[in-house]
Amino acid sequence: MKHTVTLILLMLFFAVPAGVLVLISLASGWRFPDVWPAGFSFSGIALFLQQKEQILSSLASSFVFSLLTVGVTFFMCLVPAAVFARNDFRGKTVLEGLLLTPALVPPMTFAMGLHFFFIKLSLADTLPGVVLILAIFSYPYMFRALVAGFQTMGEHYRICARNLGAGPFSILWQVELPLLMPAVVAGGSVVFLVAFSEYFLVFLIGGGRVASFTGLLMPLLSSSNRSLAALLTLIFLLLPVGLFFILDLSLMRSFRKKGMA
Amino acid sequence: MSWTNNRAGRLVSGLAPLLLPYLVLFCGGIMLTICQSFGVFTPLPHAGAALDAYAKILTDPAFFSSFGFSLGVAMVSAFCTMAAGTFLAYQVWQLPAKLATAALIYKIPLILPHISVAFVVLVFWSPSGIVASIAHSLGIIQTMQDFPNILYSGWGLGMVLAYTLKGTPFAMLLVLALLVRFDVRQIQTAAMLGASGVRIFFSIVLPRMAPAMHTSFIILFLYGFGAFDIPFVLGESRPGMLSIHVYNLYFKHDLARRPEAMAILTMMFFFAVIFIIAYSKTVQRLENGVRKL
Amino acid sequence: MPRRCTLVPMLMIIMLPFLLTFALPARAPGDTLLKTPFARIQDQARGTKVRWYMFGGWAHVNSWVDTYAAAEMKKRHDIDLVRVPMDAGVFINKLLNEKAAGRKTGSIDLLWINGENFKNAREADLLFGPFAGRLPNVQKYVDPDSITHDFGFPVAGYEAPFGRAQFVFEYDTARIQTPPKTIPELKAWIMAHPGSFTYPQPPDFTGSAFIRHVFYAVTGGHEQYMAGWNPDLFAQKAPLLWSWLNAIAPFLWQKGQTYPKDSAFLDTLFSRGEAAFSMSYHPPHAQNLILQKAYPETVKTFVLEDGSIFNTHFTAIPFNAPNKAGAMVLANFLISVDAQLSKYIPENWGDFPALDMDRLSAQDKNRFQAVDLGTATLKPGQLAAVAVPEIPAAYLEALEQGWKEHVLDK
């Protein structure tokens, strides 16, 4: 009984909104006081098909800069995370606190200061500029995940591999990285989601030239035809879910192949 | 001596891939914000005195009402989120394994961008929205004018709802991560000794979840305090959130008012830093106090 | 202690990359485009990409640009048209930033602009030109006298006409039989029906236009303002507007606590029945939304006897547009007979043409006359009878600023 209540609560808060979005995307004329749409139409889908090129290209652009952000944060954090997990030094706690602040303080505070100089450096309105800004604001998630990953892994694998004669690079690449994969995926998914759903920073630094799905969605949210906005929100939901599903699956398979699962 | 230098050098070079962008982009960005607030390095040469922008803002009552409003919205939404997230996480944790998969739907708002969550709130809670329609069909209200003013009451309830919906799964995630390592036998023992469910929750489970609750509170509070996306969709004409105030100063006026935007950002940054330090110090002291007892 | 001393040099090192940007050399502009024959410009623009920055809040307009305009540009000129949604105030700010940073090549090719934004852009020298006179379609079809001024500011060829707008109110005949006819009647109606009227928050163009209508009506007509900015006159007249607006504020939607942030939001409130009236700068806008099924078929439009403001909206090219040739080709296409006709059709958009009908061939003229503007749209005669011009841009800015101070923050 108690568990049913829990599940109903979860459904009410988290699944019903998604269901309502499906209804809205099929019923553009759904009005007060109808609890259920009076009629369904495909006008939202028709609008979607009409503008599909712009929608798909901004979707692709969002996807590209989010993945690049994951990549950049990964390379930024990999070695520092190993150093952090394996060394104790004076001021470590303070440094860790400092390194995590970019995810905590409002990103506007540094992004707007940088903006004018990004214009001067020709980084504004470019993909690298957007990726840099997103990376500096999202790397703490990757960093924490990797530090935790290195800590759970411990030093035994590395020492063992070294004793067997492996160099530092092959240790990292062939021994540690595969073991670190769950942490990379965990940190990477958060970074991906943060980058993928960000509106303001992409708008500020991308200047409209770097297209983004959120940038496309924003003006539609107040439009009187809500179908398209609902439809795009659903795509937003499905795309990362699909991506994580594929990732999970391929990860499982590769572990199984190596006999680790 | 040379050994320490060597080790320090190794540490620094190992940390360099992170330290360098951190110093240049993050610290550099903050420095540039601060400089521009004093009228240094601004796009247009700054004519007045260095503290002009601060003088102007600190004499503007609209700034203080925005500041108070942002603080209030962030505080209430972070608190609601933390409470809802902790409660639901505890409930989900108790679910049998069979049902736990179904409970994964809680992750949906985690994926949705903030602006979509704001849209969902708009769809449900506007006077012509779904909640009003349901209330009408149940006979609770007659016309949509009877529906209580939720989104535009001047209290930022719409934003609180959106932040809570978006943040709850995040808080649940953090709390659940701690709970999976929690030993169920502690609860069983307590129950055998006759502790009530409420007592178990407050004396055994809650202290275990506290670190995750504190972390989620800090993150969600500061996010709500300084973010732009949700206020841009759900914000009311007045009082505005600080981020919208900054946006208007930055984009909607000529460049002469740039230092004012930067001065607000500088104050927001220092407020955030002071808040983080004060909060973690308080938590530390409280926890130490508990342990000493 | 020694650590303290290293702090300042370290900060300097952090800032070094940014400090260096102040030393970047500025390139000299070398524009010969204005002397190039248009046929050559068209050749030059073939195979390029044009980024058009424009207000993105109207779904039907976006759709017209993304489908009709983009497809035709590709077909006729092999140009890829990319629409970038951005508020006019924001892109002007972006250009100011780029100018201050010394960026000789920006990212915007064409702007959709008019009024105070055009004035601000011209005053800061942000626009390329004069190019409008170089466009064949402007030479052929546009009456030069109709585009001399934009909100009282001389155009001088720095923007090309794109369309014509006139302000109308929208209402649902199923809900209201006879709409108010004058500004005083509107006030009486609002007070008799609390909670059902509102207007978009200025500086949204539509909301800003609404308060200008009231300004004209309660201060004795538009003629007195046409001579240009007069601060004494404004100081004397504006309080009448503030007191009118403050008098209705408690009777507005949400008791005037908050205002819809743009006209699309007001359309949504109207279509969902929360607001009894909507307003638009495009007379066939209601018909467009009826055809989209966003409005019920019982919606009609009306104008007030006190006057209905009309204006022309334009396209302009920034000083640092990377593809000025492509932008000129697009601006020329937008004022072509085909494009103007397509956007005139309510199903597509419903924006009035900026062409001089007397300069068109009889056949083209017929094509315009054959367009069915729908039952919701007023006849051209009804619109022309009440048409009044826009106020000079300086008044508009003072009104928007004053609204925030005296009405919103009161």
Note on the range B:189-223: residues among the basic types (Lys, Arg) and surrounded by 14 or more Cβ atoms within 10 Å (Cβ to Cβ) are B:Arg208
By my count, helices (runs of 4 or more DSSP H) wholly in the range C:260-351 with at least 1 residues that are polar (S, T, N, Q), farther than 14 Å from C:Asp172 by Cβ and outside the structural domain of C:Glu116 (by TED's automatic domain parsing) are C:263-271, C:285-291
Review point. Is it the case that some residue within the range C:175-188 is touching a helix residue (DSSP H, G or I) at 6+ places or on another chain (Cβ under 8 Å) and more than 29 Å from C:Trp253 (Cβ to Cβ)?
Key: no
Of the conditions (1) facing chain A (nearest Cβ under 10 Å); (2) surrounded by 15 or more Cβ atoms within 10 Å (Cβ to Cβ); (3) at pLDDT below 90, the single one that B:Tyr22 does not satisfy is (3)
Here the qualifying pairs (Cβ atoms under 8 Å; residues six or more apart or on different chains; first in the range B:68-96 and within 10 Å of chain A (Cβ to nearest Cβ); second crowded, with 19+ Cβ neighbours inside 10 Å and basic (Lys, Arg)) come out as none
Restricted to the range C:149-163 and to residues being part of a strand (DSSP E or B) and in contact (Cβ under 8 Å) with a residue 24 or more places away in the chain, the residue surrounded by the fewest Cβ atoms within 10 Å (Cβ to Cβ) is C:Phe153
The condition from (1) buried (at least 22 other Cβ atoms within 10 Å of the Cβ); (2) of a type in the set (A, V, I, L, M); (3) in contact with a strand residue (DSSP E or B) (Cβ under 7 Å, 6 or more places away or on another chain) that C:Ile309 misses is numbered (1)
Report yes if some residue within the range A:163-175 is surrounded by fewer than 21 Cβ atoms within 10 Å (Cβ to Cβ), at positive phi and in a loop (DSSP other than H, G, I, E, B); otherwise report no. yes
Checked against (1) in contact (Cβ under 8 Å) with a residue 40 or more places away in the chain; (2) under 30 Å from B:Leu11 (Cα atoms); (3) of a type in the set (Val, Ile, Thr); (4) out of contact with any helix residue (DSSP H, G or I) (no Cβ under 6 Å at 6 or more places or on another chain), A:Ile55 satisfies every condition except (2)
Within the range B:4-51, the residues that are within 22 Å of A:Pro80 (Cα to Cα) and either more than 34 Å from the chain's Cα centre (by Cα) or of a type in the set (Ser, Thr, Tyr) (or both) are B:Thr4, B:Asn5, B:Asn6, B:Arg7, B:Ala8, B:Gly9, B:Arg10, B:Ser13, B:Tyr22
Examine the range B:230-246 for a residue that is aromatic (Phe, Trp, Tyr), within 30 Å of B:Pro113 (Cα to Cα) and within 26 Å of the chain's Cα centre (by Cα), and state whether such a residue exists. yes
Picked from the range B:25-46 (must be among the small types (Gly, Ala, Ser) and under 16 Å from B:Met267 (Cα atoms)), the residue farthest from the other protein chains (Cβ to nearest Cβ) is B:Gly39
Looking across the range B:128-152 at residues that are within 20 Å of C:Arg175 (Cα to Cα) and in a loop (DSSP other than H, G, I, E, B), the single one that is modelled with the lowest pLDDT is B:Thr143
Turns out the helices (runs of 4 or more DSSP H) fully within the range A:18-107 with at least 2 residues that are more than 10 Å from every other protein chain (Cβ to nearest Cβ) and within 30 Å of B:His136 (Cα to Cα) are A:43-50
Filter the range B:165-217 for residues that are among the hydrophobic types (A, V, I, L, M, F, W, C) and part of a loop (DSSP other than H, G, I, E, B); the one that is nearest to A:Pro17 (Cα to Cα) is B:Val180
Scanning the range C:50-109 for residues that are in contact with a strand residue (DSSP E or B) (Cβ under 6 Å, 6 or more places away or on another chain), farther than 29 Å from A:Gly44 by Cα and either aromatic (Phe, Trp, Tyr) or surrounded by fewer than 21 Cβ atoms within 10 Å (Cβ to Cβ) (or both) gives C:Phe91
Flagged pairs (Cβ under 9 angstrom, 6 or more apart or on separate chains; first in the range C:363-381, assigned to a helix (DSSP H, G or I); second surrounded by fewer than 17 Cβ atoms within 10 Å (Cβ to Cβ)) are C:Asp364/C:Met357; C:Lys365/C:Met357; C:Lys365/C:Asp358; C:Phe368/C:Met357; C:Gln369/C:Met357
Counted residues in the range B:81-105 being surrounded by 19 or more Cβ atoms within 10 Å (Cβ to Cβ) and modelled with pLDDT of 85 or more come to 9
Of the conditions (1) buried (at least 20 other Cβ atoms within 10 Å of the Cβ); (2) at the interface with another protein chain (Cβ under 9 Å from one of its Cβ atoms); (3) of a type in the set (S, T, N, Q), the single one that C:Gln257 does not satisfy is (1)
Note on the range C:92-110: residues assigned to a helix (DSSP H, G or I) and over 22 Å from C:Phe55 (Cβ atoms) are C:Ala100
Apart from one, (1) loosely packed, with under 13 Cβ neighbours inside 10 Å; (2) modelled with pLDDT under 90 all hold for B:Gly68; the odd one out is (2)
Subset of the range C:262-301, residues more than 7 Å from every other protein chain (Cβ to nearest Cβ) and of a type in the set (D, E, K, R), comes to C:Glu297, C:Lys300
Of (1) at pLDDT 95 or above; (2) out of contact with any Lys or Arg (no Cβ under 9 Å at 6 or more places or on another chain); (3) of a type outside the set (Lys, Arg); (4) assigned by TED's automatic domain parsing to the domain that holds C:Thr268, C:Pro136 satisfies every one except (4)
Restricting the range A:108-133 to residues that are at the interface with chain B (Cβ under 9 Å from one of its Cβ atoms) and of a type in the set (Gly, Ala, Ser), the one nearest to the chain's Cα centre (by Cα) turns out to be A:Ala111
Return yes or no: is B:Phe251 among the hydrophobic types (A, V, I, L, M, F, W, C), surrounded by 15 or more Cβ atoms within 10 Å (Cβ to Cβ), free of Cβ contacts under 8 Å to residues at least 12 places away in the same chain and over 17 Å from B:Tyr54 (Cα atoms)?
yes
Picking from B:Ile200, B:Ile150, B:Ile108, the residue that is under 30 Å from A:Leu220 (Cβ atoms), without any contact (Cβ under 8 Å) to a residue 40 or more places away in the chain and β-branched (Val, Ile, Thr) would be B:Ile150
Among A:Ser66, A:Ser28, the single one that is under 25 Å from A:Val194 (Cβ atoms) and either in contact (Cβ under 8 Å) with a residue 40 or more places away in the chain or among the aromatic types (Phe, Trp, Tyr) (or both) is A:Ser66
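The values are calculated or read from the model by the stated rules, or taken from the named source; none is laboratory data. No experiment lies behind these values; they were computed from the predicted model shown. Counting neighbours? That spans all protein chains shown, and the Cβs are built from the backbone with ideal geometry, glycine included.
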